[in-house]
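Chemist: Structure in C-alpha coordinates, see below.
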Amino acid sequence: MATRTDVAKLAGVSVATVSNVFIGRKPVSAELTEKVKKAAEKLSYSPNYIARCLSLGRSHIIGIVITDYVNPFHMEIIRGIEHYAKRRGYIVTTFLHENCENGSEVVNYETLQVDAILNFTTNVVSESFINSLVSEHTVFVDFGRNRGMSFVQDHSEAMEAAVKRLCELGHKKVGFISLVDKKRFEQDQRGILYRKLVEKYGLCNDENLIVYNEDITLKSEIAGYLCGKEFIERNTGGTAVLVMNDLAAFGFYRLLYEKRLKVPEDISVIGFDGVSMLQYATPRLSTISLDKFSFGTMMAEKVINCIESGEKGIGLEYGAKSIFLERESIGKIKNGCF
(Lines give C-alpha, C1' and ligand atoms only; values in the text may rest on other atoms or scores of the structure.)
Protein backbone atom coordinates (compact mmCIF):
# COMPACT_ATOMS: atom_id res chain seq x y z
CA MET A 1 0.00 0.00 0.00
CA ALA A 2 1.42 3.36 -1.05
CA THR A 3 2.27 5.96 1.59
CA ARG A 4 2.64 9.75 1.58
CA THR A 5 6.39 9.25 1.36
CA ASP A 6 5.99 7.20 -1.83
CA VAL A 7 3.79 9.88 -3.37
CA ALA A 8 6.20 12.65 -2.37
CA LYS A 9 9.14 10.79 -3.90
CA LEU A 10 7.34 10.17 -7.21
CA ALA A 11 6.04 13.75 -7.41
CA GLY A 12 9.39 15.25 -6.42
CA VAL A 13 7.95 17.18 -3.48
CA SER A 14 8.16 17.04 0.30
CA VAL A 15 5.92 14.82 2.44
CA ALA A 16 4.49 18.01 3.99
CA THR A 17 3.37 19.17 0.54
CA VAL A 18 1.53 15.89 -0.02
CA SER A 19 -0.19 16.31 3.35
CA ASN A 20 -1.24 19.86 2.52
CA VAL A 21 -2.70 18.81 -0.82
CA PHE A 22 -4.98 16.26 0.81
CA ILE A 23 -5.52 17.78 4.23
CA GLY A 24 -5.74 21.38 3.11
CA ARG A 25 -4.10 23.03 6.15
CA LYS A 26 -1.90 25.24 3.93
CA PRO A 27 -2.45 26.26 0.28
CA VAL A 28 -0.46 24.51 -2.43
CA SER A 29 0.11 25.86 -5.93
CA ALA A 30 -1.96 24.45 -8.77
CA GLU A 31 1.18 23.05 -10.41
CA LEU A 32 2.34 21.12 -7.37
CA THR A 33 -1.19 19.99 -6.58
CA GLU A 34 -1.48 18.50 -10.06
CA LYS A 35 1.86 16.68 -9.67
CA VAL A 36 0.85 15.23 -6.31
CA LYS A 37 -2.56 14.08 -7.52
CA LYS A 38 -1.10 12.42 -10.61
CA ALA A 39 1.46 10.61 -8.46
CA ALA A 40 -1.23 9.54 -6.00
CA GLU A 41 -3.40 8.23 -8.82
CA LYS A 42 -0.51 6.30 -10.34
CA LEU A 43 0.29 4.70 -6.99
CA SER A 44 -3.40 4.19 -6.06
CA TYR A 45 -2.78 6.23 -2.91
CA SER A 46 -5.75 7.15 -0.71
CA PRO A 47 -5.25 9.61 2.19
CA ASN A 48 -6.03 8.36 5.67
CA TYR A 49 -9.39 9.88 6.54
CA ILE A 50 -8.99 9.62 10.32
CA ALA A 51 -5.55 11.21 10.22
CA ARG A 52 -6.95 14.03 8.10
CA CYS A 53 -9.75 14.67 10.58
CA LEU A 54 -7.40 14.67 13.57
CA SER A 55 -5.09 17.09 11.82
CA LEU A 56 -7.86 19.55 11.05
CA GLY A 57 -9.67 19.19 14.38
CA ARG A 58 -12.93 18.38 12.55
CA SER A 59 -14.72 15.12 11.84
CA HIS A 60 -15.95 16.15 8.37
CA ILE A 61 -19.22 14.42 9.24
CA ILE A 62 -22.69 15.96 8.88
CA GLY A 63 -25.34 14.14 10.92
CA ILE A 64 -29.05 14.19 10.13
CA VAL A 65 -31.80 13.04 12.53
CA ILE A 66 -34.80 11.68 10.58
CA THR A 67 -38.14 10.15 11.52
CA ASP A 68 -38.01 7.29 9.03
CA TYR A 69 -36.08 6.04 6.03
CA VAL A 70 -39.05 5.66 3.69
CA ASN A 71 -40.16 9.28 3.28
CA PRO A 72 -39.06 10.22 -0.26
CA PHE A 73 -39.28 13.93 0.58
CA HIS A 74 -36.45 13.77 3.09
CA MET A 75 -34.45 11.30 1.04
CA GLU A 76 -34.48 13.65 -1.96
CA ILE A 77 -33.22 16.52 0.20
CA ILE A 78 -30.52 14.29 1.69
CA ARG A 79 -29.44 13.30 -1.82
CA GLY A 80 -28.81 16.99 -2.54
CA ILE A 81 -26.94 17.43 0.75
CA GLU A 82 -24.72 14.43 0.11
CA HIS A 83 -24.05 15.38 -3.51
CA TYR A 84 -22.66 18.75 -2.46
CA ALA A 85 -21.00 17.59 0.77
CA LYS A 86 -18.99 14.93 -1.05
CA ARG A 87 -17.46 17.60 -3.26
CA ARG A 88 -16.34 19.48 -0.16
CA GLY A 89 -14.88 16.37 1.50
CA TYR A 90 -17.67 15.68 3.98
CA ILE A 91 -19.52 12.48 4.86
CA VAL A 92 -23.27 12.49 5.56
CA THR A 93 -24.73 10.07 8.09
CA THR A 94 -28.31 9.66 9.31
CA PHE A 95 -29.74 8.77 12.71
CA LEU A 96 -33.21 7.30 13.05
CA HIS A 97 -35.15 9.24 15.68
CA GLU A 98 -36.56 6.16 17.41
CA ASN A 99 -32.97 5.16 18.23
CA CYS A 100 -32.18 8.59 19.67
CA GLU A 101 -34.92 8.82 22.29
CA ASN A 102 -33.35 6.70 25.01
CA GLY A 103 -30.14 7.95 26.56
CA SER A 104 -28.82 4.38 26.67
CA GLU A 105 -28.60 4.42 22.89
CA VAL A 106 -25.76 6.95 22.92
CA VAL A 107 -23.24 4.26 23.80
CA ASN A 108 -23.31 3.32 20.12
CA TYR A 109 -22.00 6.76 19.19
CA GLU A 110 -19.58 7.49 22.03
CA THR A 111 -16.59 7.78 19.74
CA LEU A 112 -18.36 9.77 17.02
CA GLN A 113 -18.58 13.52 16.70
CA VAL A 114 -20.25 15.54 13.98
CA ASP A 115 -19.39 18.97 12.63
CA ALA A 116 -23.08 19.72 12.08
CA ILE A 117 -26.32 18.09 13.11
CA LEU A 118 -29.55 18.67 11.16
CA ASN A 119 -33.02 18.05 12.58
CA PHE A 120 -35.44 16.59 10.02
CA THR A 121 -38.10 15.68 12.58
CA THR A 122 -40.98 17.43 14.32
CA ASN A 123 -40.10 15.52 17.49
CA VAL A 124 -37.96 16.42 20.48
CA VAL A 125 -34.51 14.87 20.11
CA SER A 126 -32.93 13.53 23.29
CA GLU A 127 -30.37 15.92 24.78
CA SER A 128 -28.23 12.99 25.90
CA PHE A 129 -28.11 11.76 22.32
CA ILE A 130 -27.17 15.19 20.98
CA ASN A 131 -24.50 15.65 23.66
CA SER A 132 -22.92 12.34 22.69
CA LEU A 133 -22.38 13.59 19.14
CA VAL A 134 -21.53 17.24 19.29
CA SER A 135 -18.50 19.28 20.23
CA GLU A 136 -18.40 22.93 21.23
CA HIS A 137 -17.95 23.84 17.56
CA THR A 138 -20.82 21.77 16.14
CA VAL A 139 -23.32 23.67 13.96
CA PHE A 140 -26.98 23.06 14.83
CA VAL A 141 -29.63 23.20 12.10
CA ASP A 142 -33.37 23.50 12.80
CA PHE A 143 -33.08 23.06 16.56
CA GLY A 144 -34.36 26.59 17.21
CA ARG A 145 -33.11 30.02 16.17
CA ASN A 146 -31.35 30.55 19.50
CA ARG A 147 -29.23 27.44 18.97
CA GLY A 148 -28.23 27.58 15.34
CA MET A 149 -29.33 28.19 11.76
CA SER A 150 -32.69 27.39 10.19
CA PHE A 151 -33.94 26.40 6.75
CA VAL A 152 -37.56 27.04 5.83
CA GLN A 153 -39.86 26.39 2.92
CA ASP A 154 -41.80 29.44 1.81
CA HIS A 155 -45.27 28.16 0.90
CA SER A 156 -47.00 31.56 0.82
CA GLU A 157 -47.32 32.08 -2.94
CA ALA A 158 -47.92 28.41 -3.74
CA MET A 159 -50.62 27.96 -1.11
CA GLU A 160 -52.40 31.09 -2.25
CA ALA A 161 -52.30 29.86 -5.86
CA ALA A 162 -53.77 26.52 -4.72
CA VAL A 163 -56.58 28.05 -2.66
CA LYS A 164 -57.37 30.58 -5.37
CA ARG A 165 -57.67 27.75 -7.88
CA LEU A 166 -60.02 25.83 -5.59
CA CYS A 167 -62.19 28.95 -5.31
CA GLU A 168 -62.27 29.24 -9.12
CA LEU A 169 -63.52 25.66 -9.21
CA GLY A 170 -66.37 26.57 -6.86
CA HIS A 171 -65.09 25.21 -3.53
CA LYS A 172 -66.16 27.01 -0.37
CA LYS A 173 -65.56 24.36 2.28
CA VAL A 174 -61.84 23.60 2.16
CA GLY A 175 -60.52 21.41 4.96
CA PHE A 176 -57.05 20.66 6.25
CA ILE A 177 -55.67 17.31 7.43
CA SER A 178 -52.81 18.07 9.80
CA LEU A 179 -50.10 15.64 10.90
CA VAL A 180 -49.51 17.55 14.13
CA ASP A 181 -51.65 18.62 17.07
CA LYS A 182 -53.48 21.96 17.25
CA LYS A 183 -50.69 23.79 19.07
CA ARG A 184 -48.08 22.82 16.49
CA PHE A 185 -50.48 23.46 13.62
CA GLU A 186 -50.98 27.04 14.82
CA GLN A 187 -47.20 27.53 14.76
CA ASP A 188 -46.60 25.79 11.42
CA GLN A 189 -46.41 28.01 8.34
CA ARG A 190 -48.97 25.84 6.58
CA GLY A 191 -51.44 26.22 9.42
CA ILE A 192 -50.91 29.97 9.68
CA LEU A 193 -51.34 30.44 5.92
CA TYR A 194 -54.42 28.21 5.81
CA ARG A 195 -56.24 30.38 8.34
CA LYS A 196 -55.24 33.60 6.56
CA LEU A 197 -56.36 32.29 3.17
CA VAL A 198 -59.69 31.04 4.53
CA GLU A 199 -60.38 34.59 5.69
CA LYS A 200 -58.98 36.30 2.59
CA TYR A 201 -61.04 34.25 0.12
CA GLY A 202 -64.19 34.13 2.24
CA LEU A 203 -64.13 30.35 2.71
CA CYS A 204 -66.17 28.55 5.34
CA ASN A 205 -64.45 29.13 8.68
CA ASP A 206 -65.43 25.93 10.47
CA GLU A 207 -63.03 24.41 12.99
CA ASN A 208 -64.50 20.99 12.18
CA LEU A 209 -62.91 21.26 8.73
CA ILE A 210 -59.49 20.86 10.37
CA VAL A 211 -58.41 17.45 11.67
CA TYR A 212 -55.41 17.39 14.00
CA ASN A 213 -53.15 14.42 14.67
CA GLU A 214 -52.45 13.81 18.36
CA ASP A 215 -50.05 10.93 17.75
CA ILE A 216 -46.97 12.28 15.97
CA THR A 217 -45.30 8.86 16.15
CA LEU A 218 -47.60 7.64 13.38
CA LYS A 219 -46.14 7.32 9.91
CA SER A 220 -47.52 9.94 7.52
CA GLU A 221 -49.59 7.57 5.39
CA ILE A 222 -51.21 6.02 8.47
CA ALA A 223 -51.97 9.43 9.97
CA GLY A 224 -53.43 10.53 6.64
CA TYR A 225 -55.69 7.49 6.58
CA LEU A 226 -56.89 7.84 10.19
CA CYS A 227 -57.32 11.63 10.14
CA GLY A 228 -59.03 11.33 6.76
CA LYS A 229 -61.47 8.88 8.29
CA GLU A 230 -62.31 11.38 11.01
CA PHE A 231 -62.73 14.13 8.40
CA ILE A 232 -65.27 12.05 6.45
CA GLU A 233 -67.12 10.97 9.59
CA ARG A 234 -67.60 14.59 10.69
CA ASN A 235 -69.80 15.05 7.63
CA THR A 236 -69.02 18.76 7.32
CA GLY A 237 -69.74 18.90 3.61
CA GLY A 238 -66.14 19.75 2.84
CA THR A 239 -65.45 19.42 -0.89
CA ALA A 240 -61.67 19.97 -0.93
CA VAL A 241 -58.85 19.10 1.47
CA LEU A 242 -55.26 20.25 1.92
CA VAL A 243 -53.18 17.42 3.41
CA MET A 244 -49.98 18.26 5.29
CA ASN A 245 -47.76 16.06 3.14
CA ASP A 246 -48.00 13.88 0.06
CA LEU A 247 -47.60 10.57 1.89
CA ALA A 248 -50.51 11.48 4.17
CA ALA A 249 -52.52 12.38 1.06
CA PHE A 250 -51.70 8.92 -0.28
CA GLY A 251 -53.10 7.39 2.92
CA PHE A 252 -56.19 9.56 2.53
CA TYR A 253 -56.55 8.25 -1.04
CA ARG A 254 -56.81 4.73 0.38
CA LEU A 255 -59.52 5.77 2.83
CA LEU A 256 -61.51 7.45 0.07
CA TYR A 257 -61.23 4.31 -2.07
CA GLU A 258 -62.61 2.20 0.79
CA LYS A 259 -65.47 4.68 1.24
CA ARG A 260 -66.17 4.51 -2.51
CA LEU A 261 -65.53 8.22 -2.85
CA LYS A 262 -63.87 9.48 -6.02
CA VAL A 263 -61.12 12.08 -6.46
CA PRO A 264 -61.83 14.73 -7.66
CA GLU A 265 -65.51 14.03 -8.42
CA ASP A 266 -66.48 13.77 -4.74
CA ILE A 267 -63.58 15.57 -3.12
CA SER A 268 -60.50 17.47 -4.35
CA VAL A 269 -57.15 16.74 -2.69
CA ILE A 270 -53.92 18.75 -2.54
CA GLY A 271 -50.76 17.56 -0.79
CA PHE A 272 -47.43 19.14 0.13
CA ASP A 273 -43.81 18.23 -0.76
CA GLY A 274 -44.00 17.28 -4.44
CA VAL A 275 -42.92 13.67 -3.91
CA SER A 276 -42.16 12.57 -7.47
CA MET A 277 -43.73 9.09 -7.29
CA LEU A 278 -47.18 10.52 -6.52
CA GLN A 279 -47.46 12.02 -9.97
CA TYR A 280 -48.11 8.38 -10.90
CA ALA A 281 -50.94 7.93 -8.38
CA THR A 282 -54.48 7.60 -9.72
CA PRO A 283 -55.49 10.35 -10.12
CA ARG A 284 -52.20 12.24 -10.16
CA LEU A 285 -51.86 14.22 -6.95
CA SER A 286 -51.86 18.03 -7.02
CA THR A 287 -49.23 19.31 -4.61
CA ILE A 288 -47.31 22.23 -3.15
CA SER A 289 -43.90 21.26 -4.47
CA LEU A 290 -40.30 22.09 -3.59
CA ASP A 291 -37.11 21.50 -5.59
CA LYS A 292 -35.77 19.17 -2.94
CA PHE A 293 -32.38 18.42 -4.50
CA SER A 294 -31.57 22.14 -4.86
CA PHE A 295 -32.84 22.76 -1.33
CA GLY A 296 -30.50 20.07 0.01
CA THR A 297 -27.58 21.47 -1.98
CA MET A 298 -28.20 24.93 -0.52
CA MET A 299 -28.38 23.49 2.98
CA ALA A 300 -25.08 21.69 2.58
CA GLU A 301 -23.34 24.76 1.17
CA LYS A 302 -24.50 27.09 3.95
CA VAL A 303 -23.76 24.54 6.69
CA ILE A 304 -20.27 23.69 5.44
CA ASN A 305 -19.39 27.36 4.96
CA CYS A 306 -20.46 27.91 8.56
CA ILE A 307 -18.38 24.97 9.80
CA GLU A 308 -15.25 26.11 8.00
CA SER A 309 -15.59 29.72 9.10
CA GLY A 310 -15.84 28.61 12.72
CA GLU A 311 -19.27 30.18 13.11
CA LYS A 312 -22.36 28.64 14.75
CA GLY A 313 -24.89 30.33 12.46
CA ILE A 314 -27.13 31.30 15.38
CA GLY A 315 -30.22 33.15 14.17
CA LEU A 316 -29.47 32.72 10.48
CA GLU A 317 -32.44 31.65 8.34
CA TYR A 318 -32.50 30.57 4.71
CA GLY A 319 -35.57 29.81 2.63
CA ALA A 320 -36.72 28.34 -0.66
CA LYS A 321 -40.01 29.00 -2.45
CA SER A 322 -42.40 26.19 -3.29
CA ILE A 323 -44.72 26.11 -6.31
CA PHE A 324 -48.25 24.82 -6.85
CA LEU A 325 -48.45 21.87 -9.25
CA GLU A 326 -52.02 21.37 -10.43
CA ARG A 327 -52.77 17.82 -11.51
CA GLU A 328 -55.82 15.58 -11.75
CA SER A 329 -56.77 15.44 -8.06
CA ILE A 330 -58.71 18.71 -8.08
CA GLY A 331 -61.83 19.54 -10.08
CA LYS A 332 -65.06 21.52 -10.18
CA ILE A 333 -67.40 21.24 -7.25
CA LYS A 334 -70.49 19.06 -7.70
CA ASN A 335 -73.99 20.29 -6.92
CA GLY A 336 -74.18 17.93 -3.98
CA CYS A 337 -71.58 16.75 -1.47
CA PHE A 338 -70.58 13.23 -0.57
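Chemist: Look at Arg260 and say whether it is free of Cβ contacts under 8 Å to residues at least 12 places away in the same chain and open to solvent by 10 Å² or more (accessible area, probe 1.4 Å). Give the steps one after another, and end with the answer.
Modeler: Numbers: free of Cβ contacts under 8 Å to residues at least 12 places away in the same chain: yes; open to solvent by 10 Å² or more (accessible area, probe 1.4 Å): yes.
In short, yes.
Chemist: Looking only at the range 309-323, decide whether some residue is hydrophobic (A, V, I, L, M, F, W, C) and in a helix (DSSP H, G or I). Give the derivation first.
Modeler: From the range 309-323, those hydrophobic (A, V, I, L, M, F, W, C) are 314, 316, 320, 323; that's our starting set.
Cutting the leftovers down to in a helix (DSSP H, G or I) gives us none.
There is no residue in the range 309-323 that is hydrophobic (A, V, I, L, M, F, W, C) and in a helix (DSSP H, G or I).
Chemist: Please work out which residue is modelled with the highest pLDDT, limiting yourself to the range 81-114 and to residues that are within 14 Å of Met299 (Cα to Cα) and part of a loop (DSSP other than H, G, I, E, B).
Modeler: Filtering first and then ranking leaves Tyr90.
Chemist: State which residue pairs qualify: first residue farther than 15 Å from Ser44 by Cβ and inside the range 1-17, second residue at pLDDT 85 or above and assigned to a loop (DSSP other than H, G, I, E, B) in any location, beta carbons under 8 Å apart, and separation of 6 or more residues or different chains.
Modeler: Close Cβ pairs (under 8 Å, with a partner that is at pLDDT 85 or above and assigned to a loop (DSSP other than H, G, I, E, B)) amount to Ala8/Ser14.
Chemist: For residues that are over 13 Å from Gly63 (Cα atoms), of a type outside the set (Gly, Ala, Ser) and either modelled with pLDDT of 80 or more or in a loop (DSSP other than H, G, I, E, B) (or both), tally how many sit in the range 126-138.
Modeler: Looking only at that region, the number is 2.
Chemist: Can you tell me which of (1) open to solvent by less than 70 Å² (accessible area, probe 1.4 Å); (2) part of a helix (DSSP H, G or I); (3) modelled with pLDDT of 95 or more is the one Phe250 doesn't meet?
Modeler: (1)
Chemist: Out of everything in the range 70-80 that is in a helix (DSSP H, G or I) and open to solvent by 30 Å² or more (accessible area, probe 1.4 Å), what residue ends up being farthest from Leu278 (Cα to Cα)?
Modeler: The residue in question is Arg79.
Chemist: May I pose another question? Scanning for something in contact with an Asp or Glu (Cβ under 9 Å, 6 or more places away or on another chain) and over 22 Å from Ile288 (Cβ atoms), does the range 216-223 turn up at least one residue?
Modeler: Yes - at least one qualifying residue is present in the range 216-223.
Chemist: For residues that are touching a helix residue (DSSP H, G or I) at 6+ places or on another chain (Cβ under 6 Å) and closer than 11 Å to Ser178 by Cβ, scanning just the range 212-238, find the one that is surrounded by the fewest Cβ atoms within 10 Å (Cβ to Cβ).
Modeler: Among those that are touching a helix residue (DSSP H, G or I) at 6+ places or on another chain (Cβ under 6 Å) and closer than 11 Å to Ser178 by Cβ, it is Tyr212.
Chemist: Output the residues belonging to the range 202-258 that are small (Gly, Ala, Ser) and at negative phi.
Modeler: Here is the first cut: in the range 202-258, the ones small (Gly, Ala, Ser) are 202, 220, 223-224, 228, 237-238, 240, 248-249, 251.
Result: Ser220, Ala223, Gly224, Gly228, Gly238, Ala240, Ala248, Ala249, Gly251.
Chemist: Kindly indicate which of Phe272, Phe295 is open to solvent by less than 60 Å² (accessible area, probe 1.4 Å), under 19 Å from Tyr69 (Cα atoms), modelled with pLDDT of 95 or more and not in a helix (DSSP H, G or I). Quick ask: steps written out before the conclusion?
Modeler: Values: Phe295 fails: not in a helix (DSSP H, G or I).
Criteria check complete, one pass: Phe272.
Chemist: Further, regarding this structure: Have a look at Gly175, Gly170, Gly144 and point out the one that is more than 17 Å from Asn119 (Cα to Cα) and surrounded by fewer than 15 Cβ atoms within 10 Å (Cβ to Cβ).
Modeler: Sole residue among the options that is more than 17 Å from Asn119 (Cα to Cα) and surrounded by fewer than 15 Cβ atoms within 10 Å (Cβ to Cβ): Gly170.
Chemist: Just to be sure, is Ile288 under 21 Å from Ala161 (Cβ atoms), touching a His at 6+ places or on another chain (Cβ under 7 Å) and either at pLDDT 95 or above or open to solvent by 60 Å² or more (accessible area, probe 1.4 Å) (or both)?
Modeler: Answer is yes for this residue.
Chemist: Any idea which of (1) under 22 Å from His155 (Cα atoms); (2) surrounded by fewer than 23 Cβ atoms within 10 Å (Cβ to Cβ) is the one Val241 doesn't satisfy?
Modeler: Val241 satisfies every listed condition except (2).
The values are calculated or read from the model by the stated rules, or taken from the named source; none is laboratory data. Computed from a prediction, not measured in an experiment: that's the story for all the values here. We place every Cβ from the backbone using ideal geometry, glycine too, and count neighbours over all the protein chains shown. Accessible surface areas use protein heavy atoms only, side chains included; no ligands, DNA or RNA. Shrake-Rupley method; radii C 1.70, N 1.55, O 1.52, S 1.80 Å.
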